[in-house]
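Here's the structure, in structure tokens; my notes come after.
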Amino acid sequence: MNARQIEVQSYFKQQHPEALILYHLPGQYVLLGEDVDRASKSFPTIQVPEPGVGILPDDITILSTLGEDGAEIQLISYRNDAGTLDFPDVKRLIEEKEMDY
């Protein structure tokens, strides 16, 4: 995992510590960290291009398979300034949350 992925995963795991967190990117869902191992129990053919990064196709049947054991699933869909699905900008999320208060 790279530094941005670690930052994003830490941010969302603080909010949803028990959930499998899937990041919606173009044509795929990405799992990070320990969630890769947890998801591989339900979906053993998950692609792991590097340690701590798992990739699933953008397919609703796969998402329903992950939740069959009752696991909480959090889908994170974030668009960058260019309108492309991307990992969230944590600094921006924090700034926007603080501005709301």
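As an exercise: evaluate ILE46 against (1) closer than 23 Å to GLY70 by Cα; (2) touching an Asp or Glu at 6+ places or on another chain (Cβ under 7 Å); (3) open to solvent by less than 80 Å² (accessible area, probe 1.4 Å) and give the number of the one condition it does not meet.
The number of the failed condition is (2).
Yes/no per residue for (1) in contact with a Cys (Cβ under 7 Å, 6 or more places away or on another chain); (2) modelled with pLDDT of 95 or more; (3) surrounded by 12 or more Cβ atoms within 10 Å (Cβ to Cβ); (4) of a type in the set (D, E, K, R):
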position: ILE76; (1), (2), (3), (4): no, yes, yes, no
position: ALA82; (1), (2), (3), (4): no, yes, no, no
position: LEU85; (1), (2), (3), (4): no, yes, yes, no
position: ASP100; (1), (2), (3), (4): no, no, no, yes
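Among (1) outside any loop (DSSP other than H, G, I, E, B); (2) farther than 21 Å from VAL90 by Cβ, there is one condition GLU68 misses while meeting the rest; what is its number?
Tallying (1) outside any loop (DSSP other than H, G, I, E, B); (2) farther than 21 Å from VAL90 by Cβ, GLU68 fails exactly one: (1).
I need every pair where a residue in region 22-42 that is free of Cβ contacts under 8 Å to residues at least 60 places away in the same chain and buried (at least 18 other Cβ atoms within 10 Å of the Cβ) has its Cβ under 8 Å from the Cβ of a residue that is in a strand (DSSP E or B) and among the hydroxyl-bearing types (Ser, Thr, Tyr), sequence separation at least 6 or different chains.
These pairs meet every condition: LEU22/TYR29; TYR29/TYR23; VAL30/TYR23; LEU31/TYR23; LEU32/TYR23.
Go through region 71-93 and give me each residue that's within 12 Å of the chain's Cα centre (by Cα), among the small types (Gly, Ala, Ser) and not in a strand (DSSP E or B).
none
Could you check, for region 42-55, whether at least one of its residues is in contact with a Leu (Cβ under 7 Å, 6 or more places away or on another chain) and assigned to a strand (DSSP E or B)?
Looking for residues that are in contact with a Leu (Cβ under 7 Å, 6 or more places away or on another chain) and assigned to a strand (DSSP E or B), one finds at least one in region 42-55, hence yes.
Please state which one of TYR11, TYR23 is at pLDDT 95 or above and assigned to a helix (DSSP H, G or I).
On the way: TYR23 fails: assigned to a helix (DSSP H, G or I).
So the residue among TYR11, TYR23 that is at pLDDT 95 or above and assigned to a helix (DSSP H, G or I) is TYR11.
Which of (1) free of Cβ contacts under 8 Å to residues at least 12 places away in the same chain; (2) of a type in the set (A, V, I, L, M, F, W, C); (3) open to solvent by less than 80 Å² (accessible area, probe 1.4 Å) does ILE62 not meet, given it meets every other one?
Checking ILE62 against (1) free of Cβ contacts under 8 Å to residues at least 12 places away in the same chain; (2) of a type in the set (A, V, I, L, M, F, W, C); (3) open to solvent by less than 80 Å² (accessible area, probe 1.4 Å), the one that fails is (1).
Taking region 33-47 as the region of interest, how many residues are closer than 16 Å to GLN5 by Cβ and among the polar types (S, T, N, Q)?
1
The values are calculated or read from the model by the stated rules, or taken from the named source; none is laboratory data. Everything quoted here is computed from the prediction, not taken from an experiment. Positions of Cβ are generated from backbone atoms using ideal geometry, with glycine treated the same way; all protein chains shown enter the neighbour counts. Side chains are part of the model used for accessible areas, which takes the heavy atoms of the whole protein and leaves out ligands, DNA and RNA. Shrake-Rupley method; radii C 1.70, N 1.55, O 1.52, S 1.80 Å.
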